[in-house]
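Taking it in order: structure first as C-alpha cells, then the write-up.
The values are calculated or read from the model by the stated rules, or taken from the named source; none is laboratory data. Given the structure is predicted, the values throughout are model-derived calculations rather than measurements. No Cβ is skipped: glycine too gets one built from the backbone with ideal geometry, and neighbour counts run over all protein chains shown.
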Ligand SMILES: Nc1ncnc2c1ncn2[C@@H]1O[C@H](COP(=O)(O)OP(=O)(O)O)[C@@H](O)[C@H]1O
Ligand SMILES: [Mg+2]
C-alpha cells in the first residue's frame, strides 16, 4: 500500500481524449496497488478515470491489470455486488473509465470518527454474497464508498476465496484501526496498520472487538 493523497500525475482542468469521449480532470482521488484514480467530468457528469500503473507490490503479483479489472467488474456485477458501472476501457492506453459514486469512503468515515455499525453490517452482508460465490475482494476501507449509507465496492478487484484474506480474518482489522487509517490518509504512512512488508493487518488491540462484531453480524 503506497497511498499518497498528494501524489499527482494529471492536472486539474486537463482534457484527456479517450476512445469514445473527451473528459476533463477535476481532482486526484487516490492511488493503490492498481493505479491512479481521478475524478473527471464529461459535460457535467462526474466519472472516475483510473490510469493503471505497473509499479511492483511486495505481496501481490499482477497479470494484465486492465483486463483483470474488467473481468473482476463483470463477475462482481453479475453476482449482485453494488459496484459502479464500467463505461469504457483501453488495454493499449491502460485506463478504465467508470461511474463515480458520490460519498465518503470507509477510510474517510473512520478517520472522521463517523463510521457506525450499520456501515460494517453492509460489508458483512456483501461478504456473504461473495463467499456464496467462492469469491473474495480487497476489503480495505478505501475501496468502499457509502452513498445513502449503502456500501459500493469501487475497486474492480476480486480473487478466489482464501480465508487468510477474507473480511473476518484480514479486512475487518483495518476497519477497527481508525488511528492507522487516519495516518494513512494524512501521511501516506501504513506502519500503524500493517505488519512490516506483509500486507497483513496489525491485530493486537482489535481482536476482542473483531470477535464481538463477527459473532453479531458475520454470515460466514
Ligand atoms: N467509482 C468511484 N467512485 C468514487 N470514488 C472512487 C471510485 N473509484 C475510485 N474511487 C476512489 O479512488 C480510490 C482509488 O481507486 P481504486 O480503484 O481503489 O484504486 P486502486 O486499485 O489503485 O486501489 C478509492 O480508494 C476511492 O477513494
Ligand atoms: Mg483500491
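Before moving on, here are some points about what is shown:
- Remark: residue 105 falls outside the filter, which requires a residue to be modelled with pLDDT of 95 or more, closer than 27 Å to residue 63 by Cβ and surrounded by fewer than 20 Cβ atoms within 10 Å (Cβ to Cβ).
- Residues that are outside any loop (DSSP other than H, G, I, E, B) and either within 15 Å of ligand 2 (Cβ to nearest atom) or under 24 Å from residue 20 (Cα atoms) (or both) within the range 76-103 comprise 76, 77, 86, 87, 88, 89, 90, 95, 96, 97, 98, 99, listed in sequence order.
- Selected residue (criterion: surrounded by the most Cβ atoms within 10 Å (Cβ to Cβ)) from residues of the range 125-174 that are within 11 Å of ligand 2 (Cβ to nearest atom) and closer than 17 Å to residue 201 by Cβ: 144
- When residue 132 is tested against (1) outside the structural domain of residue 64 (by TED's automatic domain parsing); (2) touching a helix residue (DSSP H, G or I) at 6+ places or on another chain (Cβ under 8 Å), only condition (2) is not met.
- Yes/no for residue 50 being in a strand (DSSP E or B) and within 25 Å of residue 182 (Cα to Cα): yes
- Counting the residues of the range 195-220 that are part of a loop (DSSP other than H, G, I, E, B), surrounded by 15 or more Cβ atoms within 10 Å (Cβ to Cβ) and within 20 Å of the chain's Cα centre (by Cα) gives 3.
- Some residue of the range 48-64 being modelled with pLDDT of 95 or more and more than 15 Å from ligand 2 (Cβ to nearest atom): no
- Checking each residue in the range 196-208 for being free of Cβ contacts under 8 Å to residues at least 12 places away in the same chain and closer than 12 Å to residue 170 by Cα picks out only 207.
- Lone unmet requirement of (1) closer than 13 Å to residue 156 by Cβ; (2) at pLDDT 95 or above; (3) in contact with a helix residue (DSSP H, G or I) (Cβ under 7 Å, 6 or more places away or on another chain) for residue 79: (1)
- Options 122, 186: the member that is assigned to a helix (DSSP H, G or I), more than 13 Å from ligand 1 (Cβ to nearest atom), outside the structural domain of residue 32 (by TED's automatic domain parsing) and over 18 Å from residue 220 (Cα atoms): 186
- Cross-chain or 6+ apart pairs with Cβ under 7 Å, the range 78-94 first and touching a residue at least 60 places away in the same chain (Cβ under 8 Å), then in a strand (DSSP E or B) and surrounded by fewer than 13 Cβ atoms within 10 Å (Cβ to Cβ): none
- Test result for residue 192, part of a loop (DSSP other than H, G, I, E, B) and over 14 Å from the mean Cα position of the chain (by Cα): yes
- Residues within the range 149-183 that are part of a loop (DSSP other than H, G, I, E, B) and more than 13 Å from the chain's Cα centre (by Cα), tallied: 5
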